[in-house]
Structures are given as structure tokens and as C-alpha cells.
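First comes the structure, then the notes that go with it.
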Amino acid sequence: MASSQSQKRPDPIPSQNGRRRNRLMTVAVDEHTLEEFTTEYRHPSNTSEHDLDLHIFEWDKNVDGGVGRYQHYKSVDDIYTLEKRQIRVIFAPRHIAPDPRDVNSLAHFFHKFAVPRAFVAESLRAISQSFGAQTDSCGTEYTWFHVLAKDVAISNAKKGRRRIVQTPEDSSTTAAPGDRQYSGDGVGRAKGRSQANFSWVKPGFVLKIEHDEASPASKTDSPNNSTGSINTLVDSGSYATLLCFGAPRTFERRFQNLQRTATSDDLMEDPYYLLELVLDGMWQLMDNAGWLVSEVFGEIEGNTLDLADSPAKANKEVDFPGLHNLAKHAIYMRENIDSAMYTLECLYARHKYMTGDNPKPAQLFTRQALDYRKTMFYSTQRRLSSLEKRMENILQLSFHWVTQSDSLIMLSESLSMKAIAVATLVFMPLGTVAAIFGTQLISLEDDPPHHARVSQDFWLLWVISVPLTLFVIMVWRVWYHDKRAQLKGKARIREDGERGYMGWKRVGEKGFIKLEDLRRRLQASEGKLEREEREMAPV
């Protein structure tokens, strides 16, 4: 009889805001993802939590009249227990390849602030771009994305050319997944190469918009398609929190300026403006990196063009490893700008979905700002495309200059060989006469006045040397015409499938084959004669 085993049903989740909570609509990070995060990055010897360097900007109409405030905290629990504010921006350390001492505290931060588990999982993958937007069963709206950007620096040498150098490590820089292949001494050698740079910035941003139970916005599931606008995006009972992980320090200065120009009421009209401000910072970071690489390459481009006057210096002047690294930086930056543009398009679509076709003035302003930001990204993208083509042209021109330099070296060596050949021709008659007089066919008489005496066999010298000389000239002539015809592609195809006129190469081989055939025939004839003699012999 088959036995059945019943499983315990999960505990029901209480409803909130008048709706049943669906377990599948849980966005916040779970224990499994947190464990994977800590296992990936935590050092085995580090099992305790560490203080985090947390910077907070917040606005609330009930505090200081809605003017922004700045605070600095070290403990995650201290921030979590703070009273809610309408707008709160938290800058936390990087969560991709973080400091091993921060791993446990970051995991605690993820749990306390209900960071999306997809966002945490993305930090464990080699991704260059992501965008996500979800609304959980409680009505909390999540919007998050990662952006990867190349972070370059140039040397400030007063003498010599400026070069790309490694960016100093700080809390906002991290090694990209593709560069983790370098380890030990290998990374040192790679960083020591010309124009090498392995610095990256990969911040992550999460915007959470929470609603109280009595908030009208909490009861809105989707935009009102009939009117083309959402009933309420945020209201007095809503709270917007922007989490920034691994953002460069320059981003904090942007929010410091925002404190002096905006109040809580301004920001509450459209919290998505905070994300537009973040993308503006990422564009400036990418655009500045593009200009730095372009400036360094511009100097190399000018020096390469100057080689037209002295191409012989190309072997010493052209830095092919440096050109390759610059081209690699340009390719990476083009990939980064393409990914960031897609993130911007996704954010624009999300904002349009949430605000509808008839947005409020502040929401329309954010949408227009996103449109403008898109043109800025396009501008950088086109400049990087132009930079890539310029690099391709200079690489080809550099190869041309090096080839021309090698040709000049070969020409110089050819002139040297020509000078040696001329000197040899000058002294050849004297050497020939000396060789003839040095033979035994010409000797000096023993008695004074020691006249030269020519042997009666002197004619043998000419009988042997003249035919031998003619034979050598003939062989050289055949070889010369054969090679010349092969170079011009005019060599005829012989019966044996080879091209050229040097059929005489096989004369010896063919002659040997004929002699062997003749020997076998003679042996067969002798054997036949012996058999005939034995048959004719008397018994």
C-alpha cells in the first residue's frame, strides 16, 4: 500500500494595504542570496561585522522646513532605527569585490533595507549593465541598475608625453571581472605596460518608494490608462530612499548642491529625478574618461604623422603596446556608453509608465531631463566611435612607417653589399692573374735573370677552366630565369606537376632509373641464355 507524506503548508502571510501578500511577489533579498554573497567575498578569518562608512542626505517637510540635511553614520542598525524621512539618500561602500571586512555589514545592510535580491545577485556576476523595476505585494516600488565605467588617469609629467596610468584605489574603484585573470606577478607586469590601466567604477543604485497603508498611492496598482496619468505617484504618506553602493565621491558633492537648491516638496513631486541626477554623474565620468584617452592619443597621433619626414625613426618611436592598450580602453568605453544608454532608455520607459501620458510639471521636467541626458550619451558615443576609427588609421599608418623603416634598413644593407661587390670586381682581375701565376704551369728559371717559363701543358688550364666556366654560367642563367618566371607567375607547368624551367634537376634521377632498368634487362637476358644452353647441352 503506497504511503503518502503530507508537507506542512507555509504560514499565511498577513495582508497589507487591503491586499493579500503573494509570496512570488517578494522582491527583497533572501537568506540564500545573502549566504552566497558572504561566501563569495568574506575572508575566512573575518566572521564579525565591521563599521561601514555611511553618508546620508535627507529631506523632510517636518524637519527644518524641508531643507536637506547631511549626516554621517558607522552602524547599520543606527540608520535603520532612524525615523522615516520623505527623501533619504544613503551612500554605502562598494558591494562588488568589497573590502572583506565590510562583507558581513553589507549583508546586514541588504537585509535591513530589503535590497532586491536580483540586485545583490548581480554583484556576484560578471555583468556590465543591468536594470530592474518591480513592485512587491506590499506596494513598494523598486527601481535599480548597475553601470560599469572605465576610470582612467593620466600622468602629470612636466617633461615628456602624458600617459595613461593606473587610477589610485579607493572605495569607488574595483577591478572589472574581465581583468581578474591577472594574479600574482602577472598583474604587476600587466600594470607596468605602456598606457595600461585596470581601474573600473561599477556603482549600483536602488530607489525604493514605500507607501503607508492610508496613502492613496499605496492603493494604485497601475497607471490609469483612460486618463493617461497615474493617480498618485507619491504623496504625503510616501517615503523615497535611494541607496548608492560604490558611487564615486563626486556624486556626494552633487547631493550637497541639491541640498542648497531643493526642498522635500520639490523632490517628492518626482523622486525619479534622483536617478536622473545619478545618470548625469555617470555620463560625466564616462565623458571625462573619453576625453583623457583622446588627449593622450592626440599626442601620439601627431607624433606619428611627424614621422613622414623621418620614417627611419619609426622602429624607435612607435609604441605598439601603448597603441593596443589605448585601443582597448576605447573599446571598453564604447561598450560602457552603449550599456549606459540602454539603462537610460529603460529608466525613461519606466518613468513614462509610472507617470502616464499627462505627467505633472515636475514629472515632465524629469522626462525632459532624461531626453536631454540621452543626447549627451549619444554625443559621447559618437566621439568614441570617431576615436576608434582614428586609432585604426594610426595603427595602419604606424605599420606602414615601420615597414618603410625596415625597407630603408634593407636598402642600406643592399648598398653595403653593392659596395663590397664593386670592390670584389675591382680586385678580381688582379686575383685571377695572381692565381694563374701561382700555378705550377708557370715557374721562374733558376739562373739569372730568372725569367718566367711557361709549361708546355699550359693549354690544359684553358681546356678545363673555359668549359667549366661556361657550364656554371649556363646553370646560373637557367636558375635565374626560373626564379624570375616564378615571381612573375609565368612559370610553365611541367609533366611532373612542378612549375619552372629547371627540369634538369631530375636528369640525374631519371638517368639513374634508366641505368637500373638496363641492368635488370641484362640480367634477364643472361638468365635466358643460360637456360637455353642447359637445354641444348647433351644429356
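Values as computed for the structure displayed
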read-out	value
Members of region 135-158 found to be open to solvent by 10 Å² or more (accessible area, probe 1.4 Å), closer than 30 Å to residue 355 by Cα and not in a strand (DSSP E or B), listed by number	136, 138, 140, 148
From the options 350, 390, 367, residue that is more than 23 Å from residue 199 (Cβ to Cβ), part of a helix (DSSP H, G or I), touching a Lys or Arg at 6+ places or on another chain (Cβ under 9 Å) and open to solvent by 20 Å² or more (accessible area, probe 1.4 Å)	367
Residue within region 258-279 that is part of a loop (DSSP other than H, G, I, E, B), of a type in the set (Phe, Trp, Tyr) and more than 31 Å from the chain's Cα centre (by Cα) present	yes
Residue list for region 106-117, restricted to those being surrounded by fewer than 23 Cβ atoms within 10 Å (Cβ to Cβ) and out of contact with any Ser or Thr (no Cβ under 8 Å at 6 or more places or on another chain)	108, 111, 112
Criterion (within 14 Å of residue 243 (Cα to Cα) and either surrounded by fewer than 18 Cβ atoms within 10 Å (Cβ to Cβ) or without any contact (Cβ under 8 Å) to a residue 24 or more places away in the chain (or both)) met by exactly one of 80, 73	80
Per-region count, region 313-323, residues buried (at least 16 other Cβ atoms within 10 Å of the Cβ) and assigned to a helix (DSSP H, G or I)	4
Test result for residue 58, exposed (fewer than 14 other Cβ atoms within 10 Å of the Cβ), out of contact with any Cys (no Cβ under 7 Å at 6 or more places or on another chain) and outside any loop (DSSP other than H, G, I, E, B)	no
Residues of region 83-98 that turn out to be touching a residue at least 12 places away in the same chain (Cβ under 8 Å) and not in a strand (DSSP E or B), as a count	9
Residue under evaluation residue 372, criteria (1) open to solvent by 60 Å² or more (accessible area, probe 1.4 Å); (2) closer than 24 Å to residue 151 by Cβ; (3) out of contact with any helix residue (DSSP H, G or I) (no Cβ under 8 Å at 6 or more places or on another chain), criterion not met	(2)
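The values are calculated or read from the model by the stated rules, or taken from the named source; none is laboratory data. What you see is a predicted model; the values in this text were computed from it and never measured. Cβ sites come from the backbone with ideal geometry, for glycine too, and all protein chains shown count toward neighbours. Areas reflect the complete protein model, heavy atoms only, side chains present, ligands, DNA and RNA absent. Shrake-Rupley method; radii C 1.70, N 1.55, O 1.52, S 1.80 Å.
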